[in-house]
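The values are calculated or read from the model by the stated rules, or taken from the named source; none is laboratory data. None of the values given here were measured: they were computed from a predicted structure. We place every Cβ from the backbone using ideal geometry, glycine too, and count neighbours over all the protein chains shown. For accessibility, only protein heavy atoms count, side chains too; no ligands or nucleic acids. Shrake-Rupley method; radii C 1.70, N 1.55, O 1.52, S 1.80 Å.
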Amino acid sequence: MQMKMVKKSMKITAHRGVSSLAPENTLAAFEQAALLGLDWIEIDVQLSQDKVPVVIHDRTVNRCTNGRGRVADMSVQALKALDAGLWFGDAYEGESIPTLAETLLLAQKHDLTVNVELKHYEGDDIDLLCQQVKLVMTELGIAKEQVLFSSFSTQALTVMQRIMPTIRRGQLWQQIPDNALAILDELDAYSVHCDFHFLDERTARWIKSAGYQLYCYTPNHPLLVESFWEWGVDMMISDVPQDYQSQSTASKPQEFVDA
Ligand code: G3P
Ligand code: MG
């Protein structure tokens, strides 16, 4: 099997924290990113019933906690009372759903840059989410370099452009659309975040030549995206950042092992 060296310059974001080693979107997963010496984490943010920005991916707490119900229907106190670690493993019993404030404080402590994904589920108030995120960041005095907003919702990014114009914005797309540049220009965007499954070289070079950072989610085998670095992709957002740090292709999935 041919062994290849991983480029030292590659940039990796820990998706929902290091979500392969600790329960996603918990302080334990973010601490793990710091332990690995990473610079970036990605988190998902939505509002509790009492309008506190909390860090959880799904619309409900069902998959990642011992509770049931919609995040938007539960107070922050009720959300914090849930166990968000046990589903992943006994060692993580007692982890709770972090607030955005707790997460940003941890990020400050470890000098992690945070890709704050503004989640938008049907019925959510985008303006309010943005306003509440701004409130937390302002109260904590978060430096503008420490955060990058991203969202599948162009509307959310447009609100952030208006109320926090100095914070970088990244448009999330599964597949980059033909009218991408018009949208990115309107947003004065910093980055494009796309599903690696749908990215091809021509599109990557197109986005790069237009001057945007290009990030890919969520490639969990480094060799699947090895050529992407040559295309100009700047960052992989992965559940297994530790695999990108290894110096060999040891993590190569069986179906991609060289003959
Ligand atoms: O930000 C990249 C990625 O997190 C987007 O998808 O569903 O994992 O939040 P999702
Ligand atoms: Mg996300």
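Restricting to the chain, compute how many DSSP beta bridges are antiparallel as a %, nearest 5. Of the beta bridges lying entirely in the chain, close to 15 percent run antiparallel. Using heavy atoms of the protein chains and a probe of 1.4 Å, the accessible area assigned to Val192 is about 0 Å². For the set Lys11/Lys51; Lys80/Lys144; Lys11/Lys119, the pairs lying more than 26 angstrom apart at their alpha carbons are Lys11/Lys51; Lys80/Lys144. The coefficient of translational diffusion for region 1-147, derived via Stokes-Einstein from the alpha carbon Kirkwood radius under 10 °C and 1.306 mPa s, stands at 101 µm²/s. Label sites at Glu186 and Gln108, each approximated as a point 7 angstrom past Cα along Cα to Cβ, lie 3.6 nm apart.
Our summary gives the chain a relative contact order of 19 percent, counting only alpha carbon pairs under 8 angstrom and 6 or more residues apart.
Under conditions of 25 °C and 0.890 mPa s, region 72-219 yields 145 µm² s⁻¹ as its translational diffusion coefficient, taking Rh as the Kirkwood radius over Cα pairs in the Stokes-Einstein equation. Leaving ligands, DNA and RNA out of it, report the carbon-plus-sulfur percent of the accessible area of region 77-200 at a 1.4 Å probe. Carbon-and-sulfur percentage of accessible area, whole number: 49.
Extending 7 Å from the Cα toward the beta-carbon at both Lys208 and Leu224 defines two label points whose distance is 2.1 nm.
The trypsin sites (Lys or Arg not before Pro) of region 47-78 that meet both conditions, a loop assignment by DSSP and at most 14 other Cβ atoms within 10 Å of the site Cβ, are Arg63, Arg68. Report relative contact order for region 138-205 in percent, whole number only (criteria: Cα-Cα under 8 Å, sequence separation at least 6). It rounds to 29 percent for region 138-205. Enumerate by residue number the GluC sites (Glu not before Pro) in region 110-182 meeting two conditions: DSSP loop (anything except H, G, I, E, B), and at most 13 other Cβ atoms within 10 Å of the site's Cβ. Passing sites in region 110-182 are Glu122. Size descriptors for region 165-208: radius of gyration and Dmax over Cα atoms are 10.4, 31 Å. The tail of the calculated P(r) for the chain, taken as Cα-Cα distances beyond 25 Å, holds 44 percent of the pairs. Remark: the chain carries a charge dipole of roughly 360 debye about the Cα centre, counting +1 on each Lys and Arg Cβ and -1 on each Asp and Glu Cβ.
Using a probe of 1.4 angstrom and keeping all protein chains present, the accessible surface of the chain works out to 45 square angstrom per residue. Computed per residue of the chain from DSSP H runs no shorter than four, each worth -39500 (n - 2.57), the mean residue ellipticity at 222 nm is -8000 deg cm²/dmol.
Using a probe of 1.4 Å, the accessible surface attributed to Asp90 totals some 130 Å² when neighbouring protein chains are kept in position. Model label points for Glu201 and Lys51, set 7 angstrom from Cα along the Cα-to-Cβ axis, are 5.2 nm apart.
Estimated at the nearest 10 Å², the accessible area of His120 is 90 Å² with a 1.4 Å probe. Its relative contact order, with pairs defined as Cα atoms under 8 Å and 6+ residues apart, puts region 6-60 at 29 percent.
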